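Trainee: Before I ask anything, here is the structure I am working with.
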Amino acid sequence: MSVGIFKGTWLVLKKDLLIEWRTRARLNALVFFAFATLLLFTFALGPDMEVLTKNAGGYLWLALLFASVLCLGESFRVESENQALDGLRLLPTEPRAIFLGKALGNTILLFSLGLLLIPITIAVYDVKMVGSLWHLILVLLLGCLAISAPGTVYAAIASNARARDVLLPLLLFPVLIPALLASVKASKVIIEGDLMNNLNDWLTLLAGFNTIYWALGFILFPRIIEDD
Amino acid sequence: MSNTPAFELDDVSKRYGPRWALARLSFSLPRGASLLLTGHNGSGKSTLLRMLATASFPSVGKLTILGQDCRAGREALRHQVGLLSHASFHYEDLSAEQNLTLVAQLLGKPLSAVPLLLEKVGLKARSDSPVRQFSAGMRKRLAIARILLKAPALALFDEPFGELDPVGITQMEGLIRELKQTGSTVVLATHLIEQGIGLTDRRLHLAEGRAIEATP
């Protein structure tokens, strides 16, 4: 019978990481795209280093958000080719295992990208970080989890649409606003120093939104990929 | 349980938007029998096969497969039904071996079956190549290996001879006969009617989603 949700999740995740490793197309494109986005902010906002440094956390998250659209869209493009997602469903694979496997795969990819972008952001915007780097990495992880869960659900919906590249950000960005706000604020507090002791509040908010996003994805995903 | 038909369509219709792909279809096939499904392009053959594979479900009517309701029993049914479709269901960037290994792991089958099946379908020499580099015929051979790995009680073939060379066609015929001998129920949709008749004992002809002729 079915391999179960945990093993199914692991096999789907392993498959996605293997595809990424064999092609490396997605990560390469994401790194260059996110790096270019970070650089474009410096051109768009001019040479005022004080403004750039002050808002560095926000630019980091915008670069990650824009890159996530490419990452999420690509993760379902491989499922559309040869109707591979139908193949997974009909084996059968538990739909929730498909959701968890793909969402965790997207999280790992975005988190890896974020880890690469942190030193680039520090260098490009001349950031003198007051808080702990480990706290920033924790915010990065929570933020990437918050993008990946609804992103995986909406990428699955958009993958069957004709205007999928336009539809995905249209659906995703409004839902992500609270989590994005919490991520930006938490990053800013870590970079500039936590004078008002706000970091825990932002982290709690991020964890709360993650719980909502992942629970909704877990419940709704089977209805999205099954043709009832 | 074994006396129940392989599948039973009771006034089944399927709608895609404003168009009815299948209209009020009633038919049943005994277990162990083999059915040739014929009809012009767009007659509803692929729609019917997708429903029998539980990839989609009737808009109206009742479909029972291997004694279970197609919706309620979908998870159990998917273990027992195999579909060879126009789409190969494979990941382009994985090798033939990696694709089959994934299928074996998800089905809980022994991994030792993978190299044997690749040899059986003639892909052993290219087992490490990504599917992206495969010809259409090689992709179909890999899809055959996938079906063999599943060893389904109900095997569904949608245009199985397309894209195959003469050797591949002979192999495909051998596979269908092998499945019949092991007791699988076989449903075969093809435009190569002579070939199909030689492999099946019943025929259902569809036109515009309706059953025009059912031959026992």
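The values are calculated or read from the model by the stated rules, or taken from the named source; none is laboratory data. Since the model is a prediction, treat every value here as computed from it, not as a measurement. Neighbour counts are summed over all protein chains in view; Cβ atoms, including those assigned to glycine, are modelled from backbone coordinates with ideal geometry. Ligands, DNA and RNA are excluded from the accessible area calculation, which covers all protein heavy atoms including side chains. Shrake-Rupley method; radii C 1.70, N 1.55, O 1.52, S 1.80 Å.
Trainee: Suppose only helical runs count, i.e. DSSP H with n ≥ 4. What mean residue ellipticity at 222 nm does that imply for the protein assembly as shown under -39500 (n - 2.57) per run, divided by all residues and rounded to the nearest 500 deg cm²/dmol?
Mentor: Details: 16 runs with 263 residues, N = 444.
Calculated at 222 nm, the ellipticity per residue is -19500 deg cm²/dmol.
Trainee: Tell me the carbon and sulfur percent of the accessible area for the protein assembly as shown, rounded to whole percent, probe radius 1.4 Å.
Mentor: Numbers: 11970 of 19410 Å².
Whole-percent figure for carbon plus sulfur exposure: 62.
Trainee: Hey, got the dipole for chain A? About the Cα centre, +1 on K and R Cβ, -1 on D and E Cβ, debye to the nearest 20? Could the numbers behind the result be given before it?
Mentor: Numbers: 17 positive and 17 negative charges, 71 e Å.
About 340 debye.
Trainee: Ignoring ligands, DNA and RNA, how do B:Met172, A:Met196, A:Met49 rank by accessible area with a 1.4 Å probe, largest first? Don't jump to the answer; show the numbers that get you there.
Mentor: Details: B:Met172 0, A:Met196 150, A:Met49 70 Å².
Descending order: A:Met196, A:Met49, B:Met172.
Trainee: Okay, moving on. Please turn the phi angles of region A:78-89 into ³J(HN,Hα) values with the Karplus equation 6.51 cos²θ - 1.76 cosθ + 1.60 (θ = phi - 60°), one per residue in order, whole Hz, x for glycine and proline.
Mentor: With the stated coefficients, region A:78-89 comes to 5, 7, 6, 4, 6, 6, 4, 5, 4, x, 5, 4 Hz.
Trainee: Also: At a probe size of 1.4 Å, how large is the accessible area of A:Lys14, to the nearest 10 Å²?
Mentor: Rounded to the nearest 10, that gives 80 Å².
Trainee: Run the 1.4 Å probe and let me know the accessible area of B:Glu178, rounded to the nearest 10 Å².
Mentor: 70
Trainee: If you take every residue apart from A:Gly58 with its C-beta less than 10 Å away from the C-beta of A:Gly58, what net charge results, scoring Lys and Arg +1 and Asp and Glu -1? Display every interim value, and only then the final one.
Mentor: Numbers: positive: A:Lys54, A:Lys185, A:Lys188; negative: none.
Once all neighbours under 10 Å are counted, the net charge is +3.
Trainee: Taking 8 Å as the Cα distance limit and 6 or more residues as the minimum spacing, I'd like the relative contact order of chain B as a percentage.
Mentor: Details: 429 pairs, mean separation 62.2, N = 216.
So the answer I get is 29 percent.
Trainee: What is the spread of the Cα atoms of the protein assembly as shown along each of their three principal axes, largest first, in whole Å?
Mentor: Projected onto its principal axes, the Cα set of the protein assembly as shown covers 83, 47, 35 Å.
Trainee: Accessible area per residue of region A:133-223 at 1.4 Å probe, in Å²?
Mentor: Values: 4660 Å² over 91 residues.
Ligands and nucleic acids excluded, the result is 51 Å² per residue.
Trainee: Related question: Chains B and A: how much accessible area gets covered up at their contact, both sides added, probe 1.4 Å, in Å² to the nearest hundred? The partial results should precede the final answer.
Mentor: Numbers: alone 10350 and 12020 Å², together 19410 Å².
The B and A chains share an interface burying roughly 3000 Å².
Trainee: What whole number of Å gives the distance from the Cα centroid of region B:165-184 to the Cα centroid of region B:99-127?
Mentor: Between the Cα centres of region B:99-127 and region B:165-184 lies a distance of 18 Å.
Trainee: In region A:83-116, what residues drop by 50 Å² or more of accessible area when the other protein chains are put back, versus the chain on its own? Use 1.4 Å, and skip ligands and nucleic acids.
Mentor: Buried by 50 Å² or more upon assembly, which counts only protein chains, are A:Leu90, A:Leu91, A:Pro92.
Trainee: For A:Lys128, which lysines qualify as cross-link partners when the Cα separation must be under 16 Å and same-chain residues fewer than eight apart are set aside?
Mentor: Result set, ordered by chain and number: A:Lys54, A:Lys188.
Trainee: What is the magnitude of the charge dipole of the protein assembly as shown about its Cα centre, with +1 placed on the Cβ of each Lys and Arg, -1 on the Cβ of each Asp and Glu, and no other charges, expressed in debye to the nearest 20? Please list the in-between numbers first.
Mentor: On the way: 43 positive and 37 negative charges, 139 e Å.
Charge dipole, the protein assembly as shown, about its Cα centre: 660 debye, nearest 20.
Trainee: Let me ask you something else. Among A:Leu13, A:Leu138, A:Leu91, which one shows the highest mean-square fluctuation when chain A is modelled as a Gaussian network with alpha-carbon springs under 10 Å?
Mentor: Between A:Leu13, A:Leu138, A:Leu91, it is A:Leu91 that shows the largest mean-square fluctuation.
Trainee: Past 24 Å, Cα to Cα, is the threshold; run B:Lys150/B:Lys180; B:Lys14/B:Lys109; A:Lys15/B:Lys124; A:Lys15/B:Lys150; A:Lys15/B:Lys14; B:Lys124/B:Lys150 against it and keep the listed order. Display every interim value, and only then the final one.
Mentor: On the way: B:Lys150/B:Lys180 14 Å; B:Lys14/B:Lys109 34 Å; A:Lys15/B:Lys124 21 Å; A:Lys15/B:Lys150 19 Å; A:Lys15/B:Lys14 34 Å; B:Lys124/B:Lys150 19 Å.
Those over the limit are B:Lys14/B:Lys109; A:Lys15/B:Lys14.
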